[in-house]
Amino acid sequence: MRILSVFCLLTAAAWAQSISVVKGPVDDQVYQRGADGKVEIPIELSVSGADGKNVFLSIKRGPIPLAGFIAHDLGKVENGKVSTVVKGVPTGGPYRFEFRTSRLGAAMAARSDILVGDIWLLAGQSNMEGVGDLIDVEKPSDKVNSFDQLDHWVNAKEPLHELPGAVDRVHWRKNAAGQPEQLTGAALEKFRAERKKGAGLGLSFAIEYEKRTGIPVGLLPCAHGGTSMAQWSPELKSQGGDSLYGATLRRVGLVGGKVKGILWYQGESDANATASPVFPEKFQKLVEAFRQDLGQPDLPFYSVQIGRHVNGSNVSYWNLIQEDQRLSEKMIPNTVVFSAVDADLDDGIHVSTQDHKRLGRAMGGVAAGKLKKGPHPEQISVEGDTVRVRYSEVNGKLVSNGRIAGFTALDTRGQEVPLFYKASFDPKDGNSVLLHFQGKLPDGVLLSYGHGKDPYCNLRDEAGLGALVFGPLPIQ
């Protein structure tokens, strides 16, 4: 009887013990790894019924304990608390964190699907927010999670952005009274159920990046359709969640204060007479502000040239923004510009779901260091009765689906000049396109690729990266 009584007392004591995680990982959280590929994780636990006892942490990858973290001693419970920093958690996951008051006992608290890897911020306007049809979207991966706009870590799936329910007021829709109003509860569920659009490039980027590097990814969606560089101004950051830049900085702080890089797709709203002249300066200031505010002077910034718009207005400003975007790569260190002019659309201005996948995967390959940046115009020269356009950063060689299309000759007034009767690839140089003409080359003739707002362009490299829009540029 005495033995039974002691057993009962011990059992009752064990049942009286409990652990709750006050500070530490939550399900699906992604930690930005350090330069050594590891991360330090602050832990604060509230522990009842176990003062004077030690608390142990086991980290598992599936059923397998992680080396160095098998019943890792977190320290002694004092006044119902344990506070420590777990160091050296390596890149990888999904991990399960299990907390217990004995080395071999049952887990008393646990957090699952934790990743250590790279966090990428998604920002800009609608083509980064994603307005592709929600049909045949990119499938989720257990190696890619997202800090959604409701400030919850979740497994990443389309659609990544959910502006009406966002924590930050700047993303809310206006109600009947013209005031910003957050969707919650049944109204938010109705919005989700009725959505037909929302696919973007972020998830495909992340999955390709992880596939090529083995590094898990956290996504931080912060884009907002229809927004201009003025609305993204760093000068508005003091407004916090009432400004795009301020809201984005707040969210970066919540995920640890550092990111691996920024993916940016914006410029459509600045293709007008007022905004286009100051676009280059505003873009450069934005990049510099992110780098300064995050304390990351070399933070990678990957942007996409605005693509097609089935609309005839503001044509010259559209091409001006595209050229400014192309040149920004030369002006701002550690930036890369990608082309979307060859993409299919799912409406008059938004990139299709399938080409978002292609573009995202290509960008992921570049970010992973496994692909060159894609065809960038390097030199335009006249060779007899041909104009040679030579590209750099080509993966493999240049290719096209059918007859090469997208090159236009222009006069000094910007008017098209009928000139080229054929475009071909140089069989001796896979990086060059030859534009054939007859007779004498007109004086002052200029060359563009992707002229207009809705050109047909089909020049890519073998990795699927499209050639950048350029021009008009002089033919040397």
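A short reminder: the numbers here are calculations on the coordinates, not readings from a lab. All values reported here derive from a predicted model rather than from experimental measurement. All Cβ positions, even for glycine, are placed from backbone atoms using ideal geometry, and neighbour counts span all protein chains on display.
Based on alpha-carbon centroids, what's the gap between region 338-360 and region 168-182 in Å, whole number please? For region 338-360 versus region 168-182, the Cα centre distance is 29 Å. Shape annotation for the chain: C-alpha extents along the principal axes are 112, 58, 39 Å, from largest to smallest.
Cross-link list LYS87/LYS285; LYS139/LYS372; LYS237/LYS330; LYS357/LYS453: which exceed 32 angstrom alpha carbon to alpha carbon? Beyond 32 Å between Cα atoms: LYS87/LYS285.
With a threshold of 24 Å on the Cα-Cα distance, the over-threshold entries among LYS23/LYS76; LYS23/LYS174; LYS196/LYS373 are LYS23/LYS174; LYS196/LYS373. On the principal axes of its alpha-carbon atoms, region 376-474 has extents of 36, 31, 23 Å, going from largest to smallest.
Given the convex hull over the Cα atoms of region 91-159, what projected area results after averaging over all orientations, in nm²?
Numbers: hull surface 26.6 nm².
If I average the Cα hull's projected area over directions, I get 6.7 nm².
How much space per residue, in cubic angstrom, does the convex hull of the C-alpha atoms of region 61-135 take up?
Working: hull volume 13.7 nm³, N = 75.
Value for region 61-135: 182 Å³ per residue.
ARG111: net charge of surrounding residues, Cβ under 10 Å, Lys/Arg +1, Asp/Glu -1, itself excluded?
Values: positive: ARG96; negative: ASP27, ASP28, GLU98, ASP113.
Residues close to ARG111 contribute a combined charge of -3.
Extents of region 116-367, largest first, come to 49, 45, 38 Å (Cα atoms, principal axes, whole angstrom).
Quick test of the membrane-span-like rule: which DSSP H helices of the chain reach at least 18 Å along their long axis (C-alpha atoms) with mean Kyte hydropathy at least -1.0? Mind showing how you got there, number by number?
Working: long enough: 2-16 (21 Å, 1.71); 279-293 (21 Å, -0.88); 315-331 (24 Å, -0.88); 353-367 (21 Å, -0.77).
What comes out of the filter, once short or polar helices are dropped, is 2-16, 279-293, 315-331, 353-367.
Each of ARG388, ARG33, ARG413 has some number of other Cβ atoms within 10 Å of its Cβ, and from fewest to most they run ARG413, ARG388, ARG33.
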